[in-house]
Amino acid sequence: PTRPLPTPRGAGGRAGQQGGMPLDGKRKAHQLAAHSRIESDADCFRNRFTGELFADYDEYIDALFSYQARQWTCAMTGKVQLTFEEAMISEAKAQKKVDDAFPDVFVEPLCKTVHMSQVRMDEMIEAAFQRLSAFIPGEVVEL
């Protein structure tokens, strides 16, 4: 029997959202190692940051050194020169701030506003801001 790789721990997010992945020094999203299956009785090495399993010790060490290098960037805040673990923690904290500050009730209307929109980004941001500014804190709103 074989066992699939565990899915990586993401930064969290709203229900149904996948967490982000830190960016490497080339500003590309990190891709997990391609080992799709390892025999259940085989010795393997597990990366505690990503859940990746490695059958080969040298590959594990190479990946570990890569994750410990200060080459990672938080995809949400743009903080640079982080280790992979620091970037994951930074992304989780940033996602929590967004989730806490942005009520779920606004997600669907704003997604409908921006979905397939062909206006410039600055115009879209202004439209979203105007839509949210119409609400007054503490105002009772019917859905």
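For the stretch 35-143, carbon and sulfur atoms together expose 57% of the accessible surface, with a 1.4 angstrom probe and every protein chain in place. Mind grabbing the accessible area of Lys96 for me, 1.4 Å probe, Å², rounded to tens? About 120 Å², ignoring ligands and nucleic acids. Let a ≥ b ≥ c be the square roots of the eigenvalues of the Cα gyration tensor of the stretch 37-106; is it rounded (a/c under 1.5), or, if not, prolate (a/b larger than b/c) or oblate? The shape class here is oblate.
The values are calculated or read from the model by the stated rules, or taken from the named source; none is laboratory data. Not measured: the values here are computed from a predicted model. The protein model used for the area step is the full one, side chains on, heavy atoms only, and it has no ligands, DNA or RNA in it. Shrake-Rupley method; radii C 1.70, N 1.55, O 1.52, S 1.80 Å.
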